[in-house]
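Notes for the one structure printed next.
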Protein chains: 2
Amino acid sequence: MTATPATCDRILDAAERLFAEEGFYATSLRQITQAAEANLAAVNYHFGSKQALILAVFRRRLDALNKARLARLDQAQEGNAAPELEDVLEALIVPALAFTHGSADDGHRFMRILMRAFADRDDQLHRALSAEYAHVMRRFASAIATALPGLSERRLRRQLDFIVGALTYTMAESTSSDAREIADDLVQFAAAGLRSAVSVRHPDGAPRTLEIHS
Amino acid sequence: MTATPATCDRILDAAERLFAEEGFYATSLRQITQAAEANLAAVNYHFGSKQALILAVFRRRLDALNKARLARLDQAQEGNAAPELEDVLEALIVPALAFTHGSADDGHRFMRILMRAFADRDDQLHRALSAEYAHVMRRFASAIATALPGLSERRLRRQLDFIVGALTYTMAESTSSDAREIADDLVQFAAAGLRSAVSVRHPDGAPRTLEIHS
DNA sequence: GTATGATTGAAACAGTTGTTTTAATCGTGC
DNA sequence: GCACGATTAAAACAACTGTTTCAATCATAC
């Protein structure tokens, strides 16, 4: 449409890039507005405060990512047959890594800030994000539970933490070139880990045996 | 010894706590010195700069953690027999989670800052930490390679990223109460994921089979 | 006891931060 | 053409930042 996007979007773009490069608090509004070719007061005018700007940057991306994940999960579940474990994991993982892989370095950069946000545990930013994540994670947890019965809710939650941790770390760490291959590896890795968890836990020191379940 | 520790250590303790609570850049030297009951100038006098203080906080903990990990790996390797995969993973994981579990909330808090540091990818802090990690990770990578042959170096590296990601995320997320149980779960999870990776990669859509290796 | 070096205390420095304010400008509907 | 709300511009604000300075204090060795 317009040759240059509206001021609001230019600010969001510049903020996302600079946040990823410098961090939230190391990035000043003056840097952002200068990079966005906007006036300093514009960010307070449009967003209200710097904190609100940060949240807006996150929402824009997370809405898209979670929508893509849930759409893929819906698709896997649409035949009334329950999807296989790998299909659920792919719905969780592939959109995330495809997003990392996405046009230019946008996604990759964004995931670096996402990790940063996870580290900021106790402030309002993390709480707002967790609320958004909680909804998605609950659906995935129950989808996994039906695909792989026999795990207590507590342990399932923990295994999901393992997977989300591996995913988040990988997204922040890996170059964007081979996203599909990494996603396949991670799905396989996560599925094997989950399946091993439904086996009876090995006694300490004893040689481990794998039990294959139905 | 002395009733109150030396100023240097009081500053390190206060800085670690505040960094975990507020973040590096949101924490001012005035907060730190006030909490440490030291003078503002003390931190520049003893450490040189704020950046050097941050590095000192990290070194103190990482030295201890990596030493513990390598000691446990040494012990597992000391009989000339190569240790089992689970033993290698335990050397990597258990000290880290035990550290999280450690006295009070120190370790748990510290790991939150560690994640923060990983997010700060491109500055000197991360480079200094990576150099320290690289040494340890190389030893663990080769120990895993002998315990579980058949993985290309590239894929092994990637699997290790999965594991470190799961570990780091879990350390930052979990409460410190049940560290041993979580460690057991994660070792089992990681071992199963690794073993599944040496199997031939499954063709898309085909039903997956588990191959049990020696 | 006194001299010497390490440490601390309090204040000041120069610079940057997020936010607010006021005036100027732009776009649109009448 | 004009008026009115939305947007932008530029400057000022008050507060806070890391760092430096310089005198006061402390501990220790002689």
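Of the candidates B:Ala68, B:Ala35, B:Ala41, the single residue that is surrounded by fewer than 18 Cβ atoms within 10 Å (Cβ to Cβ), aliphatic (A, V, I, L, M) and more than 16 Å from DNA strand C (Cβ to nearest atom) is B:Ala68.
Table: residues versus (1) out of contact with any Phe, Trp or Tyr (no Cβ under 9 Å at 6 or more places or on another chain); (2) modelled with pLDDT of 90 or more.
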site	(1), (2)
A:Gly150	yes, yes
A:Val164	no, no
A:Tyr169	no, no
A:Ala192	no, yes
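Can you find even one residue in segment B:13-24 that is more than 16 Å from DNA strand C (Cβ to nearest atom), under 23 Å from the mean Cα position of the chain (by Cα) and more than 14 Å from chain A (Cβ to nearest Cβ)? Please lay out each step first, then the result.
Quick first cut of segment B:13-24, residues more than 16 Å from DNA strand C (Cβ to nearest atom) only: B:16-21.
Of the ones still in play, those that are also under 23 Å from the mean Cα position of the chain (by Cα) are B:16-21.
Keeping just the survivors that are more than 14 Å from chain A (Cβ to nearest Cβ) gives B:16.
Within segment B:13-24, one or more residues are more than 16 Å from DNA strand C (Cβ to nearest atom), under 23 Å from the mean Cα position of the chain (by Cα) and more than 14 Å from chain A (Cβ to nearest Cβ).
Among the residues making up segment A:133-162, a single one is surrounded by fewer than 16 Cβ atoms within 10 Å (Cβ to Cβ) and acidic (Asp, Glu): A:Glu153.
Counting only helices (runs of 4 or more DSSP H) wholly contained in segment A:1-90, the ones carrying 3 or more residues that are more than 15 Å from DNA strand D (Cβ to nearest atom) occupy A:7-22, A:50-77. From the list A:Arg201, A:Arg109, which residue is surrounded by fewer than 16 Cβ atoms within 10 Å (Cβ to Cβ) and either closer than 17 Å to B:Gly165 by Cα or modelled with pLDDT under 90 (or both)? Answer to the check: A:Arg201. Tallying residues that are closer than 30 Å to A:Leu194 by Cβ, over 15 Å from the mean Cα position of the chain (by Cα) and of a type in the set (Lys, Arg) within segment A:31-86 yields 0. In segment A:17-40, the residues that are of a type in the set (Ser, Thr, Tyr) reach residues that are more than 13 Å from DNA strand D (Cβ to nearest atom) and assigned to a helix (DSSP H, G or I) with C-beta atoms within less than 7 angstrom, at least six apart or across chains, in these pairs: A:Thr27/A:Leu18; A:Thr27/A:Phe19.
The values are calculated or read from the model by the stated rules, or taken from the named source; none is laboratory data. It should be emphasised that the depicted structure is a prediction, and the values quoted were computed from it without experimental measurement. Positions of Cβ are backbone-derived with ideal geometry, glycine not excepted, and every protein chain shown enters the neighbour counts.
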